[in-house]
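Asker: Okay, here's the structure, questions in a sec.
The values are calculated or read from the model by the stated rules, or taken from the named source; none is laboratory data. Worth saying up front: this structure is predicted, and the values here are computed from it rather than measured. Here the Cβ positions follow ideal geometry from the backbone for every residue, glycine too, while neighbour counts run over all protein chains shown. With ligands, DNA and RNA removed, areas are computed over all heavy atoms of the protein, side chains included. Shrake-Rupley method; radii C 1.70, N 1.55, O 1.52, S 1.80 Å.
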Amino acid sequence: MIYLDHGATSWPNAPGVVEAVAHFLEHEAGNPGRGGHRLTVAASRAIEGARDDVASLLGAHPERTLFGPGATFWLNTVLLSRLDPGDRVVTSALEHNAVMRPLRWLEQSRGVELAIVPGEDPDGLPSAEDFRRETARKPTALVILTHASNITGAVLPIAEIARVVAPVPVLVDGAQTAGSLPVDFSRLGTAAYVCSGHKGLLGPPGVGVLLLGEDFNIDPLVRGGTGSRSESEEMPEYLPDGLEAGTPNGPGIAGIGAACRWLAERGIEEVAEQEQRLVRRLANGLREISGVRLHGWQDDAAHTGILSFTVSGCDNGDLAARLDREHGICLRAGLHCAPAAHRRLGTFPDGTLRAGIGPFNTEADVDALVGAVRRSV
Ligand SMILES: Cc1ncc(COP(=O)(O)O)c(C=O)c1O
(Lines give C-alpha, C1' and ligand atoms only; values in the text may rest on other atoms or scores of the structure.)
Protein backbone atom coordinates (compact mmCIF):
# COMPACT_ATOMS: atom_id res chain seq x y z
CA MET A 1 0.00 0.00 0.00
CA ILE A 2 1.13 3.52 -0.79
CA TYR A 3 -0.65 5.88 1.57
CA LEU A 4 -1.11 9.36 0.15
CA ASP A 5 -4.11 10.63 2.10
CA HIS A 6 -2.37 12.59 4.85
CA GLY A 7 -4.77 15.51 4.31
CA ALA A 8 -7.52 13.33 5.79
CA THR A 9 -5.53 11.55 8.47
CA SER A 10 -1.98 10.39 8.96
CA TRP A 11 -0.82 6.81 8.55
CA PRO A 12 1.23 5.40 10.08
CA ASN A 13 1.35 7.39 13.32
CA ALA A 14 4.74 8.64 14.50
CA PRO A 15 7.10 6.03 15.97
CA GLY A 16 6.28 5.60 19.66
CA VAL A 17 2.57 6.45 19.39
CA VAL A 18 1.19 2.90 19.43
CA GLU A 19 3.44 2.09 22.39
CA ALA A 20 2.35 5.22 24.30
CA VAL A 21 -1.35 4.40 23.73
CA ALA A 22 -0.83 0.81 24.88
CA HIS A 23 1.26 1.95 27.86
CA PHE A 24 -1.49 4.33 28.95
CA LEU A 25 -4.14 1.60 28.73
CA GLU A 26 -1.99 -0.90 30.60
CA HIS A 27 -0.34 1.26 33.24
CA GLU A 28 -1.89 4.75 33.42
CA ALA A 29 -5.59 4.28 32.72
CA GLY A 30 -7.07 5.85 35.85
CA ASN A 31 -9.41 8.82 35.58
CA PRO A 32 -7.06 11.84 35.72
CA GLY A 33 -7.63 14.31 38.52
CA ARG A 34 -10.43 12.16 39.95
CA GLY A 35 -9.24 10.70 43.26
CA GLY A 36 -5.72 10.17 44.53
CA HIS A 37 -4.82 6.52 43.96
CA ARG A 38 -1.80 5.54 41.93
CA LEU A 39 -3.62 4.95 38.65
CA THR A 40 -5.30 8.37 38.63
CA VAL A 41 -1.97 9.99 39.50
CA ALA A 42 -0.30 8.11 36.63
CA ALA A 43 -3.08 9.23 34.24
CA SER A 44 -2.74 12.88 35.34
CA ARG A 45 1.04 12.71 34.88
CA ALA A 46 0.72 11.23 31.39
CA ILE A 47 -1.80 13.86 30.30
CA GLU A 48 0.05 16.82 31.77
CA GLY A 49 3.29 15.50 30.25
CA ALA A 50 1.60 15.31 26.85
CA ARG A 51 0.26 18.85 27.34
CA ASP A 52 3.81 20.07 27.93
CA ASP A 53 5.02 18.22 24.79
CA VAL A 54 2.29 19.72 22.57
CA ALA A 55 2.72 23.21 24.03
CA SER A 56 6.46 23.09 23.59
CA LEU A 57 6.22 21.92 19.96
CA LEU A 58 3.74 24.66 19.05
CA GLY A 59 5.15 27.51 21.14
CA ALA A 60 2.14 27.74 23.49
CA HIS A 61 1.60 28.04 27.23
CA PRO A 62 0.75 24.59 28.70
CA GLU A 63 -2.17 25.94 30.77
CA ARG A 64 -3.66 27.46 27.62
CA THR A 65 -3.14 24.30 25.55
CA LEU A 66 -6.49 22.49 25.69
CA PHE A 67 -7.43 18.96 24.71
CA GLY A 68 -10.83 18.06 23.26
CA PRO A 69 -12.36 15.54 20.87
CA GLY A 70 -11.18 17.19 17.64
CA ALA A 71 -10.40 20.34 15.68
CA THR A 72 -14.09 20.55 14.74
CA PHE A 73 -15.08 20.65 18.42
CA TRP A 74 -12.70 23.51 19.21
CA LEU A 75 -13.63 25.55 16.14
CA ASN A 76 -17.31 25.27 17.13
CA THR A 77 -16.48 26.11 20.75
CA VAL A 78 -14.67 29.32 19.89
CA LEU A 79 -17.19 30.46 17.26
CA LEU A 80 -20.23 29.79 19.43
CA SER A 81 -18.62 31.48 22.42
CA ARG A 82 -17.34 34.60 20.67
CA LEU A 83 -20.10 35.43 18.16
CA ASP A 84 -23.25 37.08 19.52
CA PRO A 85 -26.35 38.22 17.61
CA GLY A 86 -25.46 41.06 15.25
CA ASP A 87 -21.70 40.42 15.36
CA ARG A 88 -19.73 40.41 12.14
CA VAL A 89 -17.21 37.69 11.26
CA VAL A 90 -14.79 37.69 8.33
CA THR A 91 -13.45 34.52 6.73
CA SER A 92 -11.75 33.27 3.56
CA ALA A 93 -13.30 31.52 0.53
CA LEU A 94 -11.23 28.39 1.20
CA GLU A 95 -12.73 27.17 4.46
CA HIS A 96 -13.54 23.60 5.49
CA ASN A 97 -17.06 22.73 6.65
CA ALA A 98 -15.71 22.57 10.23
CA VAL A 99 -15.68 26.38 9.87
CA MET A 100 -18.39 27.02 7.26
CA ARG A 101 -21.16 24.97 8.85
CA PRO A 102 -20.99 26.60 12.29
CA LEU A 103 -20.68 30.00 10.58
CA ARG A 104 -23.76 29.36 8.39
CA TRP A 105 -25.63 28.12 11.46
CA LEU A 106 -24.69 31.25 13.40
CA GLU A 107 -25.77 33.38 10.44
CA GLN A 108 -29.17 31.73 10.29
CA SER A 109 -29.89 31.23 13.99
CA ARG A 110 -28.14 34.17 15.69
CA GLY A 111 -28.13 36.77 12.93
CA VAL A 112 -24.33 36.85 12.79
CA GLU A 113 -23.13 38.73 9.69
CA LEU A 114 -20.72 36.66 7.60
CA ALA A 115 -18.29 38.34 5.17
CA ILE A 116 -16.27 36.06 2.89
CA VAL A 117 -13.09 37.50 1.41
CA PRO A 118 -13.09 36.19 -2.18
CA GLY A 119 -9.33 36.73 -2.65
CA GLU A 120 -8.20 38.56 -5.76
CA ASP A 121 -5.78 35.79 -6.62
CA PRO A 122 -7.20 33.44 -9.34
CA ASP A 123 -7.14 30.53 -6.85
CA GLY A 124 -8.97 32.39 -4.10
CA LEU A 125 -5.85 32.78 -1.99
CA PRO A 126 -6.49 35.92 0.03
CA SER A 127 -3.76 38.44 0.77
CA ALA A 128 -3.30 40.34 4.02
CA GLU A 129 -4.51 43.44 2.19
CA ASP A 130 -7.79 41.66 1.26
CA PHE A 131 -8.41 41.03 4.96
CA ARG A 132 -7.36 44.50 6.02
CA ARG A 133 -9.80 46.07 3.57
CA GLU A 134 -12.68 43.79 4.60
CA THR A 135 -12.22 44.34 8.34
CA ALA A 136 -11.82 48.11 7.83
CA ARG A 137 -15.24 48.31 6.12
CA LYS A 138 -17.27 47.61 9.29
CA PRO A 139 -16.69 46.74 12.94
CA THR A 140 -15.71 43.06 13.07
CA ALA A 141 -15.83 40.73 16.08
CA LEU A 142 -13.62 37.95 14.71
CA VAL A 143 -11.55 36.81 11.74
CA ILE A 144 -11.40 33.06 11.19
CA LEU A 145 -9.29 31.48 8.51
CA THR A 146 -7.51 28.31 7.60
CA HIS A 147 -3.71 28.26 7.82
CA ALA A 148 -3.56 26.20 4.61
CA SER A 149 -6.21 25.02 2.19
CA ASN A 150 -7.12 21.36 2.57
CA ILE A 151 -7.84 21.29 -1.19
CA THR A 152 -4.81 22.99 -2.72
CA GLY A 153 -2.24 23.04 0.09
CA ALA A 154 -1.75 26.79 -0.41
CA VAL A 155 -0.56 28.50 2.78
CA LEU A 156 -2.20 31.73 3.93
CA PRO A 157 -0.04 34.52 5.44
CA ILE A 158 -1.71 34.31 8.85
CA ALA A 159 0.88 36.28 10.84
CA GLU A 160 0.68 39.18 8.39
CA ILE A 161 -3.12 39.00 8.35
CA ALA A 162 -3.23 39.08 12.16
CA ARG A 163 -0.97 42.13 12.12
CA VAL A 164 -2.99 44.14 9.62
CA VAL A 165 -6.46 43.36 11.05
CA ALA A 166 -5.43 44.09 14.69
CA PRO A 167 -7.12 44.63 17.11
CA VAL A 168 -9.67 42.23 15.57
CA PRO A 169 -8.89 38.79 17.06
CA VAL A 170 -7.91 36.04 14.61
CA LEU A 171 -8.81 32.37 15.06
CA VAL A 172 -6.72 30.03 12.91
CA ASP A 173 -7.84 26.62 11.68
CA GLY A 174 -4.46 24.87 11.70
CA ALA A 175 -5.81 21.39 10.94
CA GLN A 176 -3.66 21.18 7.80
CA THR A 177 -0.49 22.76 9.14
CA ALA A 178 0.37 21.78 12.73
CA GLY A 179 3.18 19.25 12.45
CA SER A 180 3.66 19.95 8.71
CA LEU A 181 4.88 23.53 9.00
CA PRO A 182 6.77 25.12 11.89
CA VAL A 183 4.23 26.91 14.13
CA ASP A 184 5.30 29.21 16.96
CA PHE A 185 2.03 30.35 18.49
CA SER A 186 3.81 32.77 20.83
CA ARG A 187 4.95 34.80 17.81
CA LEU A 188 2.02 34.42 15.39
CA GLY A 189 -0.02 37.26 16.86
CA THR A 190 -3.29 35.34 16.48
CA ALA A 191 -5.82 35.05 19.32
CA ALA A 192 -6.26 31.29 19.04
CA TYR A 193 -5.06 28.33 16.99
CA VAL A 194 -6.88 25.00 16.56
CA CYS A 195 -5.45 21.76 15.20
CA SER A 196 -6.17 18.05 14.86
CA GLY A 197 -4.03 15.48 16.63
CA HIS A 198 -4.44 12.89 13.87
CA LYS A 199 -3.16 14.81 10.83
CA GLY A 200 0.27 16.48 10.74
CA LEU A 201 0.77 15.84 14.45
CA LEU A 202 0.82 12.10 13.57
CA GLY A 203 -1.22 10.95 16.55
CA PRO A 204 -4.34 8.78 16.87
CA PRO A 205 -7.80 10.16 16.00
CA GLY A 206 -10.12 11.64 18.62
CA VAL A 207 -8.01 14.50 19.98
CA GLY A 208 -8.07 18.14 18.92
CA VAL A 209 -5.95 20.91 20.38
CA LEU A 210 -6.86 24.53 21.09
CA LEU A 211 -4.13 27.09 21.81
CA LEU A 212 -5.51 30.20 23.48
CA GLY A 213 -3.71 33.54 23.57
CA GLU A 214 -3.24 35.35 26.91
CA ASP A 215 -6.04 37.88 26.50
CA PHE A 216 -8.48 35.74 24.56
CA ASN A 217 -11.05 33.99 26.73
CA ILE A 218 -13.97 31.78 25.77
CA ASP A 219 -16.84 29.97 27.44
CA PRO A 220 -16.99 26.18 27.35
CA LEU A 221 -19.36 24.55 24.87
CA VAL A 222 -19.76 21.59 27.22
CA ARG A 223 -19.99 21.73 31.02
CA GLY A 224 -19.55 18.88 33.49
CA GLY A 225 -17.15 17.13 35.81
CA THR A 226 -13.53 18.19 35.93
CA GLY A 227 -12.37 16.39 39.06
CA SER A 228 -11.53 19.82 40.51
CA ARG A 229 -13.80 22.09 42.65
CA SER A 230 -16.33 19.28 42.90
CA GLU A 231 -18.24 21.22 45.59
CA SER A 232 -19.29 23.81 42.98
CA GLU A 233 -22.08 23.40 40.44
CA GLU A 234 -20.32 25.83 38.14
CA MET A 235 -17.34 25.25 35.90
CA PRO A 236 -13.99 26.39 37.33
CA GLU A 237 -12.76 29.66 35.82
CA TYR A 238 -9.15 28.53 35.54
CA LEU A 239 -7.56 26.61 32.68
CA PRO A 240 -7.28 23.95 31.49
CA ASP A 241 -10.10 22.65 33.74
CA GLY A 242 -12.57 25.37 32.75
CA LEU A 243 -12.66 24.15 29.15
CA GLU A 244 -12.11 20.41 29.63
CA ALA A 245 -15.30 18.87 31.05
CA GLY A 246 -15.69 15.09 31.25
CA THR A 247 -13.20 12.24 31.22
CA PRO A 248 -10.51 13.02 28.62
CA ASN A 249 -9.30 10.68 25.89
CA GLY A 250 -6.23 9.60 27.89
CA PRO A 251 -4.85 7.04 25.42
CA GLY A 252 -5.26 9.47 22.51
CA ILE A 253 -3.64 12.32 24.44
CA ALA A 254 -0.73 10.09 25.50
CA GLY A 255 -0.35 9.18 21.81
CA ILE A 256 -0.25 12.83 20.70
CA GLY A 257 2.37 13.55 23.36
CA ALA A 258 4.59 10.77 21.98
CA ALA A 259 4.04 12.02 18.42
CA CYS A 260 5.05 15.57 19.41
CA ARG A 261 8.21 14.29 21.07
CA TRP A 262 9.09 12.43 17.86
CA LEU A 263 8.35 15.51 15.72
CA ALA A 264 10.49 17.69 17.99
CA GLU A 265 13.37 15.25 17.67
CA ARG A 266 13.05 14.87 13.91
CA GLY A 267 12.53 18.64 13.47
CA ILE A 268 9.42 20.11 11.84
CA GLU A 269 11.60 22.13 9.46
CA GLU A 270 12.96 18.86 8.13
CA VAL A 271 9.51 17.30 7.83
CA ALA A 272 8.24 20.40 6.03
CA GLU A 273 11.22 20.44 3.67
CA GLN A 274 10.69 16.78 2.77
CA GLU A 275 6.92 17.08 2.22
CA GLN A 276 7.37 20.18 0.08
CA ARG A 277 10.14 18.62 -1.99
CA LEU A 278 7.97 15.59 -2.68
CA VAL A 279 4.85 17.58 -3.50
CA ARG A 280 6.83 19.65 -6.02
CA ARG A 281 8.12 16.44 -7.58
CA LEU A 282 4.53 15.23 -7.80
CA ALA A 283 3.32 18.48 -9.38
CA ASN A 284 6.14 18.34 -11.95
CA GLY A 285 5.42 14.70 -12.77
CA LEU A 286 1.65 15.05 -13.06
CA ARG A 287 1.68 18.12 -15.24
CA GLU A 288 3.72 16.26 -17.87
CA ILE A 289 0.72 13.97 -18.42
CA SER A 290 -1.66 15.16 -21.08
CA GLY A 291 -5.17 15.76 -19.71
CA VAL A 292 -4.02 16.29 -16.12
CA ARG A 293 -4.88 19.63 -14.55
CA LEU A 294 -3.48 20.84 -11.23
CA HIS A 295 -5.82 23.01 -9.16
CA GLY A 296 -4.64 25.94 -7.05
CA TRP A 297 -1.01 24.99 -7.54
CA GLN A 298 1.42 27.90 -7.96
CA ASP A 299 5.12 27.07 -8.36
CA ASP A 300 6.37 30.04 -6.39
CA ALA A 301 3.78 29.95 -3.55
CA ALA A 302 4.09 28.37 -0.10
CA HIS A 303 2.54 24.89 0.02
CA THR A 304 1.95 22.02 2.38
CA GLY A 305 2.20 18.43 1.11
CA ILE A 306 -1.33 18.60 -0.40
CA LEU A 307 -2.00 18.67 -4.15
CA SER A 308 -5.32 18.55 -6.02
CA PHE A 309 -5.70 17.47 -9.62
CA THR A 310 -8.23 16.22 -12.15
CA VAL A 311 -7.85 14.19 -15.33
CA SER A 312 -10.01 15.17 -18.27
CA GLY A 313 -12.48 12.45 -19.25
CA CYS A 314 -11.99 10.56 -15.93
CA ASP A 315 -14.43 10.49 -13.04
CA ASN A 316 -12.53 11.34 -9.84
CA GLY A 317 -14.17 8.61 -7.77
CA ASP A 318 -13.58 5.94 -10.44
CA LEU A 319 -9.94 6.91 -10.84
CA ALA A 320 -9.34 6.90 -7.06
CA ALA A 321 -10.92 3.44 -6.84
CA ARG A 322 -8.71 2.15 -9.68
CA LEU A 323 -5.58 3.62 -8.13
CA ASP A 324 -6.40 1.75 -4.94
CA ARG A 325 -7.50 -1.53 -6.56
CA GLU A 326 -4.88 -1.80 -9.29
CA HIS A 327 -1.89 0.03 -7.77
CA GLY A 328 -2.45 -0.01 -3.99
CA ILE A 329 -2.40 3.80 -3.90
CA CYS A 330 -4.70 5.45 -1.34
CA LEU A 331 -5.79 9.01 -2.03
CA ARG A 332 -9.08 10.84 -1.82
CA ALA A 333 -11.60 11.95 -4.44
CA GLY A 334 -14.44 14.44 -4.07
CA LEU A 335 -15.09 17.70 -2.27
CA HIS A 336 -12.97 16.98 0.83
CA CYS A 337 -15.59 18.65 3.11
CA ALA A 338 -14.86 22.05 1.59
CA PRO A 339 -17.59 22.83 -1.00
CA ALA A 340 -17.07 26.60 -0.62
CA ALA A 341 -13.44 26.24 -1.66
CA HIS A 342 -14.39 24.15 -4.69
CA ARG A 343 -16.95 26.75 -5.76
CA ARG A 344 -14.21 29.38 -5.61
CA LEU A 345 -11.75 27.16 -7.50
CA GLY A 346 -14.32 26.15 -10.15
CA THR A 347 -14.16 22.45 -9.26
CA PHE A 348 -17.66 22.19 -7.74
CA PRO A 349 -19.56 19.78 -7.76
CA ASP A 350 -17.17 17.07 -9.00
CA GLY A 351 -14.27 18.08 -6.77
CA THR A 352 -10.74 16.81 -7.28
CA LEU A 353 -8.36 13.96 -6.61
CA ARG A 354 -6.25 14.94 -3.65
CA ALA A 355 -2.84 13.56 -2.79
CA GLY A 356 -1.56 14.32 0.72
CA ILE A 357 2.10 13.63 1.41
CA GLY A 358 3.35 12.78 4.88
CA PRO A 359 6.75 12.43 6.52
CA PHE A 360 7.05 8.71 5.74
CA ASN A 361 6.47 9.05 1.99
CA THR A 362 9.34 8.72 -0.45
CA GLU A 363 10.21 9.73 -4.00
CA ALA A 364 9.27 6.19 -5.04
CA ASP A 365 5.72 6.71 -3.69
CA VAL A 366 5.32 9.91 -5.66
CA ASP A 367 6.74 8.35 -8.83
CA ALA A 368 4.39 5.38 -8.41
CA LEU A 369 1.39 7.73 -8.37
CA VAL A 370 2.62 9.62 -11.43
CA GLY A 371 3.21 6.33 -13.26
CA ALA A 372 -0.19 4.94 -12.26
CA VAL A 373 -2.01 8.08 -13.42
CA ARG A 374 -0.08 8.00 -16.70
CA ARG A 375 -1.18 4.41 -17.31
CA SER A 376 -4.77 5.22 -16.38
CA VAL A 377 -5.44 8.06 -18.83
C1 LIG B 1 -8.88 22.50 7.14
C2 LIG B 1 -9.57 21.57 8.07
N3 LIG B 1 -10.22 22.06 9.14
C4 LIG B 1 -10.83 21.26 10.03
C5 LIG B 1 -10.84 19.90 9.90
C6 LIG B 1 -11.55 19.08 10.91
O7 LIG B 1 -10.68 18.30 11.64
P8 LIG B 1 -11.22 17.08 12.56
O9 LIG B 1 -11.99 16.19 11.62
O10 LIG B 1 -10.00 16.48 13.08
O11 LIG B 1 -12.11 17.67 13.59
C12 LIG B 1 -10.18 19.33 8.79
C13 LIG B 1 -10.21 17.86 8.58
O14 LIG B 1 -10.28 17.38 7.47
C15 LIG B 1 -9.53 20.19 7.86
O16 LIG B 1 -8.88 19.69 6.80
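Asker: The conditions are (1) open to solvent by 30 Å² or more (accessible area, probe 1.4 Å); (2) of a type in the set (Gly, Ala, Ser); (3) away from the ligand (no atom under 12 Å from the Cβ), and Ala191 fails exactly one of them. Which is it?
Answerer: Result: Ala191 fails condition (1) only.
Asker: Contact list please: Cβ distance under 7 Å, first residue in segment 284-304 and farther than 15 Å from Ile151 by Cβ, second residue assigned to a loop (DSSP other than H, G, I, E, B), pairs at least six apart or on different chains.
Answerer: Ile289/Val377; Gly291/Ser312; Gly291/Gly313; Gly291/Val377
Asker: Report the residue count in segment 85-121 for those that are basic (Lys, Arg) and closer than 17 Å to Ile161 by Cβ. I'd like the intermediate steps shown before the answer.
Answerer: The first filter runs over segment 85-121 and keeps only residues basic (Lys, Arg), leaving 88, 101, 104, 110.
From the residues that got through so far, the ones that are closer than 17 Å to Ile161 by Cβ too are 88.
So the answer is 1.
Asker: Six or more apart or on different chains, Cβ atoms under 8 Å: show the pairs whose first residue is in segment 109-132 and of a type in the set (Phe, Trp, Tyr) and whose second is open to solvent by 40 Å² or more (accessible area, probe 1.4 Å).
Answerer: What qualifies is Phe131/Val164.
Asker: What pairs come up if the first residue lies in segment 336-348 and is within 13 Å of His96 (Cα to Cα) and within 15 Å of the ligand (Cβ to nearest atom), the second is open to solvent by 60 Å² or more (accessible area, probe 1.4 Å) and assigned to a loop (DSSP other than H, G, I, E, B), and their beta carbons are under 9 Å apart, counting only those six or more places apart or on different chains?
Answerer: Listed by first residue and then by second, the contacts come to Pro339/Phe348; Pro339/Pro349; Ala340/Phe348; Ala341/Phe348; His342/Phe348; His342/Pro349; His342/Asp350; Arg344/Pro118.
Asker: Tell me whether segment 43-63 contains one or more residues that are open to solvent by 40 Å² or more (accessible area, probe 1.4 Å) and either within 16 Å of the ligand (Cβ to nearest atom) or assigned to a loop (DSSP other than H, G, I, E, B) (or both).
Answerer: yes
Asker: What are the pairs, 6+ residues apart or on separate chains, where a residue within segment 62-81 that is closer than 11 Å to Leu171 by Cβ has its Cβ under 6 Å from a residue that is within 8 Å of the ligand (Cβ to nearest atom) and assigned to a helix (DSSP H, G or I)?
Answerer: Leu75/Ala98; Leu75/Val99
Asker: Something else: Given Val172, Val209, Val165, which one is more than 11 Å from the ligand (Cβ to nearest atom), at pLDDT 95 or above and open to solvent by less than 30 Å² (accessible area, probe 1.4 Å)?
Answerer: Val165
Asker: What is the number of the single condition among (1) within 11 Å of the ligand (Cβ to nearest atom); (2) in contact with a helix residue (DSSP H, G or I) (Cβ under 7 Å, 6 or more places away or on another chain); (3) over 20 Å from Gly242 (Cβ atoms) that Gly68 does not meet?
Answerer: (3)
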